[in-house]
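Engineer: Below is one structure. I have some questions about it.
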Amino acid sequence: MRVSTTTTWSVGPDPGQAAFDFALKRPHAQLLGDRQVVDMFLTEADVAKFLKHPNLVQVYEAGWIDETPYISMQYVPGLDLERVMQLLRHRGW
C-alpha cells in the first residue's frame, strides 16, 4: 500500500533559474485521519534528519501545511523504485 506521494519543486530568486530542486513528501489524503500513520510519517522525518550517508537523501525539514504533514528533502533525479522493480521483473529478475 502506498502511504505517501512525492512532488518535486524548484526554488530560487528567479522563476527561470532555480537555485535548487527539492522533493516534498506528503501522506495520501485518505490516511490523514489515521493518527498512527501520521505519527509514523513524522517519526520517519525525525529519524532521517540524523542520517548522513552518500546513498541517502538529505531531509531538510518536516512540519505541517494546512493541516497536512510534509517532509521536504533533497531531490535526486532518476527512476523511482517502483519503475526500477518493473524493469527488473520485465528482465526476469
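The values are calculated or read from the model by the stated rules, or taken from the named source; none is laboratory data. The structure displayed is predicted, hence computed values, not measured ones. Reconstructed Cβ throughout: ideal geometry from the backbone, glycine too, with neighbour counts over all protein chains shown. Surface areas here come from the heavy atoms of the whole protein model, side chains and all, with no ligands, DNA or RNA. Shrake-Rupley method; radii C 1.70, N 1.55, O 1.52, S 1.80 Å.
Engineer: Looking at region 22-33, which of its residues are in a strand (DSSP E or B) and open to solvent by 30 Å² or more (accessible area, probe 1.4 Å)? Talk me through it step by step, then tell me what you get.
Structural biologist: Residues of region 22-33 that are in a strand (DSSP E or B), as a first pass: 22-27.
Selection gives F22, K25, R26.
Engineer: Please go through (1) assigned to a loop (DSSP other than H, G, I, E, B); (2) modelled with pLDDT of 90 or more; (3) open to solvent by 90 Å² or more (accessible area, probe 1.4 Å) for L56 and return the number of the only condition it doesn't satisfy.
Structural biologist: (3)
Engineer: Another question, then. Could you check region 34-50 and list, in sequence order, the residues that are in a loop (DSSP other than H, G, I, E, B) and open to solvent by less than 90 Å² (accessible area, probe 1.4 Å)? Spell out the reasoning first.
Structural biologist: As a first pass, look at region 34-50 and keep what is in a loop (DSSP other than H, G, I, E, B): 34, 49-50.
D34, K49, listed by residue number.
Engineer: Can you report the number of residues in region 65-82 which are exposed (fewer than 11 other Cβ atoms within 10 Å of the Cβ), in a loop (DSSP other than H, G, I, E, B) and not hydrophobic (A, V, I, L, M, F, W, C)?
Structural biologist: Within region 65-82, residues that are exposed (fewer than 11 other Cβ atoms within 10 Å of the Cβ), in a loop (DSSP other than H, G, I, E, B) and not hydrophobic (A, V, I, L, M, F, W, C) number 5.
Engineer: Specify the residue that is nearest to V38 (Cα to Cα); the eligible residues are those in region 83-93 that are open to solvent by 90 Å² or more (accessible area, probe 1.4 Å) and not in a loop (DSSP other than H, G, I, E, B).
Structural biologist: The qualifying residue nearest to V38 (Cα to Cα) is R83.
Engineer: Based on this model, can you work out whether A48 counts as out of contact with any Gly (no Cβ under 9 Å at 6 or more places or on another chain) and modelled with pLDDT under 90?
Structural biologist: Values: out of contact with any Gly (no Cβ under 9 Å at 6 or more places or on another chain): yes; modelled with pLDDT under 90: no.
Answer is no for this residue.
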